[in-house]
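The values are calculated or read from the model by the stated rules, or taken from the named source; none is laboratory data. Please read all numbers here as calculations on a predicted model, not as lab measurements. As a convention, Cβ positions derive from the backbone with ideal geometry for all residues, glycine included, and neighbour counts pool all protein chains shown. The area values use the complete protein model at the heavy-atom level, side chains included, leaving out ligands, DNA and RNA. Shrake-Rupley method; radii C 1.70, N 1.55, O 1.52, S 1.80 Å.
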Amino acid sequence: SQIGCAMNCQFCQTGRIGFKGNLTTAQIIEQVVEAKRILSQIPNAPPATNIVFMGEGEPLQNLDAILTAMKIMTDPWGLHFSHNKVCVSTVGLVPEIYKFCQKIQDNPVQLAVSLHATTNKIRDWIVPINRKYNIQMLIQTLEELFQKGGVQGNHGRHVLIEYVMLHNVNDTEQDATRLVNLLQKIECKVNLIQFNKFPGAIFEPSTQNSVEQFRSILIQNGYVCTVRESRGDDEMMA
């Protein structure tokens with residue numbers, strides 16, 4: 001959705017290049033069209049079924065363009081993706097989250113929130129936007145929009161909580177317990193992300209044992225928790 005990124009998350013290489021500009025709706029759609037075109041030329045390749053606004057850029061800073069793009073992606077006369085297969089990730093821009101959720105009432109795509117820490121001290125450091133919209137503000141927003149028990153039907157709305165695992169930064173058992181408490185009033189699922197180390201990175205990936213212990217605490221407290229292996233090696237993303 002953007003070229004570069006203004007969020008400056010400390011664990012993301014693409015954030016270091018700074019913000020260069022927003023993509024237009026047409027440019028966003030062209031990425032999907034090109035991906036479908038490439039896959040169509042590969043023998044026995046599965047079709048493109050999922051779209052994720054994630055990686056380079058903060059989608060909610062380009063909200064109007066992505067809202068229009070999502071309508072085209074999910075429209076039967078457009079690209080005809082299921083709204084259940086479209087996910088938009090944000091670092092936590094509180095006013096834009098409210099606006100986004102209001103605008104998608106008739107096209108309920110998935111929202112993912114990059115939390116990545118359980119204390120303001122750590123999140124101020126690794127996700128600088130926290131200095132403007134801190135954990136308490138973000139959690140309160142999610143409690144209002146994704147109230148625990150408010151989901152109806154098999155495809156009811158929940159929010160996906162993203163959490164990159166950084167060795168000796170945010171991966172302790174105490175962090176896991178704090179996360180359990182932070183999310184207790186939110187209808188959510190948790191996705192733990194294994195950190196993709198890049199040249200010059202000051203962080204190390206959490207050990208496999210730390211990831212498993214962290215996940216176990218969440219599962220024992222009733223949360224659905226998945227682990228995503230490191231991706232984007234070539235792009236140097238999180």
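Determine the distance separating the Cα centre of the stretch 174-214 from the Cα centre of the stretch 69-85; give it in Å without decimals.
Taking the Cα centre of each part, the stretch 174-214 and the stretch 69-85 sit 32 Å apart.
How large is ³J(HN,Hα) for each residue in the stretch 220-227, as worked out from phi by the Karplus curve 6.51 cos²θ - 1.76 cosθ + 1.60 (θ = phi - 60°), to whole Hz, x for Gly and Pro?
Along the stretch 220-227, the couplings run 4, 9, x, 8, 7, 9, 10, 10 Hz.
Picking from T172, T49, T90, which is most flexible by a Gaussian network model of the chain using Cα springs under 10 Å?
Its mean-square fluctuation being the largest, the pick is T49.
Could you count how many Lys pairs in the stretch 1-153 have their Cα atoms under 26 Å apart, skipping same-chain pairs fewer than 8 positions apart?
Lysine pairs meeting the criterion: 17.
Between V127, V52, V190, find the one with the highest GNM mean-square fluctuation for the chain; connect C-alpha pairs within less than 10 Å.
V52
In Å, what is the Rg of the alpha-carbon atoms in the stretch 1-103, and how long is Dmax?
Rg, Dmax (Cα atoms, Å): 14.5, 45.
Quick check for you: with a 1.4 Å probe and neighbouring chains kept, what is the accessible area per residue of the stretch 63-130, in Å²?
That works out to 42 Å² for each residue.
Where does helix 94-103 land angle-wise versus the long Cα axis of the chain, in degrees 0 to 90, nearest 10?
40
Report H167's accessible area, 1.4 Å probe, all protein chains in place, as a number in Å² to the nearest 10.
Here the residue's solvent-accessible area equals roughly 70 Å².
Output the lone cysteines of the chain: those with no second cysteine's C-beta under 4.7 Å from their C-beta.
C5, C87, C101, C188, C225 - these cysteines have no disulfide-compatible partner (Cβ-Cβ under 4.7 Å) in the chain.
In the Gaussian network model of the chain, springs joining C-alpha atoms below 10 Å, which of S206, S89, S216 carries the largest mean-square fluctuation?
S216
May I ask for log10 I(q)/I(0) of the chain at q = 0.07, 0.15 Å⁻¹, from a Debye sum over the Cα atoms as equal point scatterers with solvent left out?
Relative scattering, expressed as log10 I(q)/I(0), comes to -0.23, -1.11.
Where Rh denotes the Kirkwood radius from the mean inverse Cα pair distance, what is Rg over Rh for the stretch 30-71?
Dividing the radius of gyration by the Kirkwood radius yields 1.06.
So who's got an amide H within less than 5 Å of the one on A112, skipping anything under 5 residues away but keeping other chains? H placed 1.01 Å off N, in plane.
Residues meeting the criterion, in which the H sits 1.01 Å from N, are V88, S89, T90, L160.
What is the helix-to-structure angle for 25-40, meaning the angle in degrees between its Cα long axis and the longest Cα principal axis of the chain, kept from 0 to 90 and rounded to the nearest 10?
80
Would you kindly state the longest site-free stretch of the chain, with sites defined as GluC sites (Glu not before Pro) in a DSSP loop (not H, G, I, E, B) surrounded by at most 15 other Cβ atoms within 10 Å? Don't skip to the end; give the middle numbers.
Values: sites that count: E229, E235.
With GluC sites (Glu not before Pro) excluded where exposed in loops, the chain gives 1-228 as its longest stretch.
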